[in-house]
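The values are calculated or read from the model by the stated rules, or taken from the named source; none is laboratory data. Just so you know, these numbers come straight off a predicted model, no measurement behind them. Here the Cβ positions follow ideal geometry from the backbone for every residue, glycine too, while neighbour counts run over all protein chains shown.
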Amino acid sequence: MAPLIDVVEWNDAANDVFAWKFGQNKNNNLSTFTQLIVRESQEAVLFGKGRIIGKFGPGKHTLNTENLPLLRNLFGIPFGGKNPFMAEVWFVNKAAPLTINWRTDTMRFHDPDYGEMVPLAAAGRYGLKVEDAERFLVQLVGVLTRFTAADLTSHFLGALVAKTKSTIISFMQVNGVGIQTISARLEDLSKFLNEPLREFWETYGMLLTGFYITSVDLDTSTEDGKKIAAALSDRSAQNIAGYTWQQKQGFTVANNAVAGGGDMGILGAAAMTGMLGQGIGAAMMQPPAYGQAGLSGPGTAAPANARREIFCAKCSKKYPASSSFCPHCGNKYNPCPRCGSDNLPGSKRCVSCGTALAEQAGGPADYVCSRCGAALTPGTKFCPSCGNKIG
């Protein structure tokens, strides 16, 4: 028979260890003379025959029948004498809270700013301490001989990430917060998450002493995240440099035409109509006008309000043609009198159909052909473009 243990204590308690089992399953032969030493910030719990037979706070304790009345019932130990018994002794670290870093995997979120699904990932840290040693040991430790912060993170990773992700998405949806503004709301989001996570840890006998979100960003580990990050970077560069997406597309077309060394007619026409100034991309993005493919026959003119939706000439975002200003960037709607496409201020011709914009061209707004929208000079009786009789 293994010798009886005289002293039971935990000397080398590490900062990242929540609980430690004395003896590590090698020798659990205690006696009613064994001294149990529990240091400050520790609590000891004894298990015998699958039951908790005693709990001890800081101090020096003798494991006799006076301190452990259950010894008589479980082991039939009489009063007095040095009587052996088998038991497991667990020490629980109840010191300052342990800080643990966390990070979610990809979560999909419909961003209100862009109107598209974007991949997000969140990260932060939280602090925990054992509040109810008995509940903690019964529900978590099981067959382990020690329980560390790494064990805790591994054990709860799935449940913790699922609850964290669902709560973050809920907060962003309810408050209409997108990836552009979430960084300013991290403190509010942390408080929003604290309550449900506090209740979660209380179930396991632990106290959540603090929960912090340090970042909610695009998840650039995914292909979608990389593309969106590149697009946002490009957009920032455009805003700083002072050119629009349409202008960039126009520059690209012009460079390709020059590099190709072929027919320069398209480039010359673009320069004449001012399309490089506004961007060939805007012309491609505008819905078809009357007289173009998809609507009525050739030469049919349509008023500006014939369009239901138009693309802003400045930010390229779609909005109703009934608006006077772009709801996205505030740019004033400058419609073509023939097809209704939006044009930048100062444009001489429409970016979509090439119609002269009379007010910018220097002529009064009244001298415009009612059929094709061409600019006219005062006194003209017939339109030189389509032959329409001028009233």
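For this structure, a couple of remarks:
- Qualifying residue in region 192-214 (condition: closer than 16 Å to Ala122 by Cβ, free of Cβ contacts under 8 Å to residues at least 40 places away in the same chain and out of contact with any helix residue (DSSP H, G or I) (no Cβ under 7 Å at 6 or more places or on another chain)): yes
- Residues that are in contact with a Ser or Thr (Cβ under 8 Å, 6 or more places away or on another chain), among the basic types (Lys, Arg) and at pLDDT 85 or above do not occur anywhere in region 227-238.
- Selection status of Leu71, over 30 Å from Asn101 (Cβ atoms) and at pLDDT 80 or above: no
- Hey, Ala44 small (Gly, Ala, Ser) and either assigned to a loop (DSSP other than H, G, I, E, B) or over 14 Å from Val92 (Cα atoms) (or both) or not: no
- Filter result (in contact with a strand residue (DSSP E or B) (Cβ under 7 Å, 6 or more places away or on another chain), closer than 30 Å to Leu137 by Cβ and in a helix (DSSP H, G or I)) within region 179-207: Ser190, Leu193, Asn194, Leu197, Arg198, Trp201
- Residue within region 121-144 that is part of a helix (DSSP H, G or I), within 30 Å of Glu223 (Cβ to Cβ), in contact (Cβ under 8 Å) with a residue 12 or more places away in the chain and not charged (D, E, K, R) present: no
- Boolean, Lys165 is basic (Lys, Arg) and under 11 Å from the mean Cα position of the chain (by Cα): yes
- There is at least one residue in region 197-214 that is farther than 22 Å from Thr106 by Cα and among the basic types (Lys, Arg).
- Entry remark, region 177-221: residues being in contact with a Pro (Cβ under 6 Å, 6 or more places away or on another chain), of a type in the set (Val, Ile, Thr) and buried (at least 17 other Cβ atoms within 10 Å of the Cβ) number 0 in total.
- Among the residues of region 23-53, not one is at positive phi, touching a helix residue (DSSP H, G or I) at 6+ places or on another chain (Cβ under 7 Å) and at pLDDT 85 or above.
- Complete set of residues in region 222-236 that are surrounded by fewer than 18 Cβ atoms within 10 Å (Cβ to Cβ) and of a type outside the set (Ser, Thr, Tyr): Glu223, Asp224, Lys226, Lys227, Ala229, Ala230, Ala231, Leu232, Asp234, Arg235
- Per-region count, region 7-22, residues part of a loop (DSSP other than H, G, I, E, B) and either within 24 Å of Asp132 (Cβ to Cβ) or modelled with pLDDT of 85 or more (or both): 6
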